[in-house]
Amino acid sequence: MPAFQEYFDPSHQMVRDSVRRFVEREILPDINAWEEAESFPRELYLKAGAAGILGIGYPEALGGSHEGDLFAKIAASEELMRCGSGGLVAGLGSLDIGLPPVVKWARPEVRDRVVPQVLRGEKISALAVTEPGGGSDVANLQTRAVRDGDHYRVSGSKTFITSGVRADYYTVAVRTGAPGFGGISLLLIEKGTPGFTVGRQLKKMGWLASDTAELFFDDCRVPVGNLIGAQNMGFACIMGNFQSERLALALMANMTAQLALEESLKWAKERQAFGKPIGKFQVIKHRLAEMATALEVSREFTYRQAAKMAAGQSVIKEISMAKNFATDTSDRITNEAVQILGGLGYMRESLVERLYRDNRILSIGGGTREVMNEIISKQMGL
Ligand SMILES: Cc1cc2nc3c(=O)[nH]c(=O)nc-3n(C[C@H](O)[C@H](O)[C@H](O)COP(=O)(O)OP(=O)(O)OC[C@H]3O[C@@H](n4cnc5c(N)ncnc54)[C@H](O)[C@@H]3O)c2cc1C
């Protein structure tokens, strides 16, 4: 009989242990205060950089480690989620959507200058695709970049950008050509470039610790050397980037559900009503059993798609399915968790209150549930 193939090996366990220690030492003591303050100290990037966490999954030559080892990245992301704040994870992790196009397609001199600084936590990277006019219809984006000698002149605006206020390097989707997906490019735009301003930090339902902002470009002159990939080939780069973002969001949803389940189980054993722990009522016992079952299925399916992705297979349809399944599951489990905790589940002092709010973005960001279903049905020939 063939040996059972585990997704994680002992080296991944070491990554897990070290990130868990980092979370316990550097994040958990302060996370409630940071959530209330709707920000976390910039110094945390430097600490995460020094601990080697930001570099996981990136080339060693640029200051990273575990290049090509997707399950090391997964182990690290899952452990970071144990801080219980999706906002902190999204903010600290915005490099994982901003930086990959720079690593893969930027000019070597730009890549070699930018990437090591971000992996050390000295600079912050963000991805700017969404515009006030819409986020789902990427092919229709309106921010325009017109070639003028050795510069592009960029005009337009972006919104809902994670790490938007304090990023240093923005990977920005712009229109350099004709309408439609064939006229899009990616440009690296640096904080401080004349004509580029950052708007206010937007107030949100959840992900409170992350900064989310609008960006404005008013005849902003960006050197041609900051083009990422070939001109008018940006759409393919954006879609490629979405695959790993969608996997990351599915993993986040599974971890959100995991934490909500753990909190619910603990409470079901502790909380007494009508003379017994509430977990002894069949309705609650079965609810917990169903939550655990749904989560196991979701996690297994997500890992399976990650394993196929790591093996170089195309999983465009399956990653969209994983994101939708995981976020459906986390929607249900966070909702049930609030119910099981009763009034306490509605209080800021309980973790499930935050999990419930943070979870809501997961079926919107990185492509909405409806957009995932469009991709799935297209792949089914519809
Ligand atoms: C906290 C937060 C952080 C974010 N971070 C970033 C970031 O770092 N970078 C970035 O670029 N963006 C970011 N976003 C933006 C996010 O990716 C978009 O909000 C998302 O893609 C949806 O775009 P939209 O909000 O413009 O909604 P719209 O595109 O206007 O969609 C509105 C509704 O219409 C539905 N819809 C649209 N098209 C179809 C269709 N064809 N069929 C059926 N239904 C459809 C959508 O599913 C949705 O329900 C962030 C958003 C939030 C809230």
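Consider Leu46 carefully, then state whether it is closer than 23 Å to Pro116 by Cβ and either modelled with pLDDT of 95 or more or not aromatic (Phe, Trp, Tyr) (or both). Spell out the reasoning first.
On the way: closer than 23 Å to Pro116 by Cβ: yes; either modelled with pLDDT of 95 or more or not aromatic (Phe, Trp, Tyr) (or both): yes.
So Leu46 fits the description; yes.
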The one condition in (1) within 28 Å of Ile31 (Cα to Cα); (2) within 16 Å of the ligand (Cβ to nearest atom); (3) part of a helix (DSSP H, G or I) that Ala76 fails to fulfil: (2)
Subset of the stretch 356-382 that is closer than 14 Å to Asp328 by Cα, part of a helix (DSSP H, G or I) and of a type in the set (A, V, I, L, M, F, W, C) - its residue that is nearest to the ligand (Cβ to nearest atom): Ile361
Near pairs, Cβ below 7 angstrom, 6+ apart or cross-chain, from the stretch 12-37 (over 21 Å from Ser65 (Cα atoms)) to any residue that is hydroxyl-bearing (Ser, Thr, Tyr): Ile31/Ser85; Glu35/Ser85
Every pair of residues 6+ apart whose Cβ atoms lie under 7 Å, when the first sits in the stretch 360-382 and is in contact (Cβ under 8 Å) with a residue 60 or more places away in the chain while the second is within 6 Å of the ligand (Cβ to nearest atom) and of a type in the set (S, T, N, Q): Thr368/Ser136; Val371/Ser136
Residues located in the stretch 272-313, provided they are in contact (Cβ under 8 Å) with a residue 40 or more places away in the chain, farther than 24 Å from Phe8 by Cβ and not β-branched (Val, Ile, Thr): Arg287, Leu288
Identity of the residue in the stretch 113-142, part of a loop (DSSP other than H, G, I, E, B) and within 11 Å of the ligand (Cβ to nearest atom), that ends up surrounded by the fewest Cβ atoms within 10 Å (Cβ to Cβ): Asp137
Conditions (1) within 14 Å of the ligand (Cβ to nearest atom); (2) part of a strand (DSSP E or B); (3) touching a Ser or Thr at 6+ places or on another chain (Cβ under 7 Å); (4) of a type in the set (A, V, I, L, M, F, W, C); number of the one not met by Ala145: (1)
In the stretch 158-180, the residues that are over 23 Å from Pro223 (Cβ atoms), hydrophobic (A, V, I, L, M, F, W, C) and within 7 Å of the ligand (Cβ to nearest atom): Phe160
Whichever residue in the stretch 19-73 is small (Gly, Ala, Ser) and part of a helix (DSSP H, G or I) and, among such residues, is surrounded by the most Cβ atoms within 10 Å (Cβ to Cβ): Ala48
Hits in the stretch 109-158 (condition: of a type in the set (Lys, Arg) and farther than 17 Å from Gln231 by Cβ): Arg111, Arg113, Arg120, Lys123, Lys158
Of all residues making up the stretch 144-175, the number that are farther than 14 Å from Gly199 by Cα, touching an Asp or Glu at 6+ places or on another chain (Cβ under 7 Å) and buried (at least 22 other Cβ atoms within 10 Å of the Cβ): 1
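I need the strands (runs of 3 or more DSSP E) fully contained in the stretch 164-270, keeping only those with at least 1 residues that are farther than 23 Å from Ala90 by Cβ and of a type in the set (A, V, I, L, M). If you could, list the steps in order and put the result at the bottom.
Working: elements: 169-175, 184-190, 196-201, 212-223.
In the stretch 164-270, the matching strands (runs of 3 or more DSSP E) lie at 169-175, 184-190, 212-223.
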Every pair of residues 6+ apart whose Cβ atoms lie under 7 Å, when the first sits in the stretch 314-326 and is farther than 12 Å from Leu249 by Cβ while the second is of a type in the set (A, V, I, L, M) and assigned to a helix (DSSP H, G or I): Val315/Met309; Ile316/Ile375; Lys317/Ile375; Lys317/Ile376; Met321/Ile376
Hey, Glu79 modelled with pLDDT of 95 or more, under 22 Å from Pro194 (Cα atoms) and not polar (S, T, N, Q) or not: no
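Take Arg153 and decide whether it is touching a residue at least 24 places away in the same chain (Cβ under 8 Å), assigned to a loop (DSSP other than H, G, I, E, B) and in contact with a strand residue (DSSP E or B) (Cβ under 9 Å, 6 or more places away or on another chain). Talk me through it step by step, then tell me what you get.
Values: touching a residue at least 24 places away in the same chain (Cβ under 8 Å): yes; assigned to a loop (DSSP other than H, G, I, E, B): no; in contact with a strand residue (DSSP E or B) (Cβ under 9 Å, 6 or more places away or on another chain): yes.
Here the answer is no, as Arg153 does not meet what is asked.
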Unmet criterion (only one of (1) within 14 Å of the ligand (Cβ to nearest atom); (2) surrounded by 14 or more Cβ atoms within 10 Å (Cβ to Cβ); (3) farther than 20 Å from Cys83 by Cβ) for Lys204: (3)
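The values are calculated or read from the model by the stated rules, or taken from the named source; none is laboratory data. Here the structure is a predicted model, which is why all the values come from computation and not from measurement. Methodologically, a virtual Cβ is constructed for each residue, glycine included, from the backbone with ideal geometry; neighbour enumeration extends over all protein chains shown.
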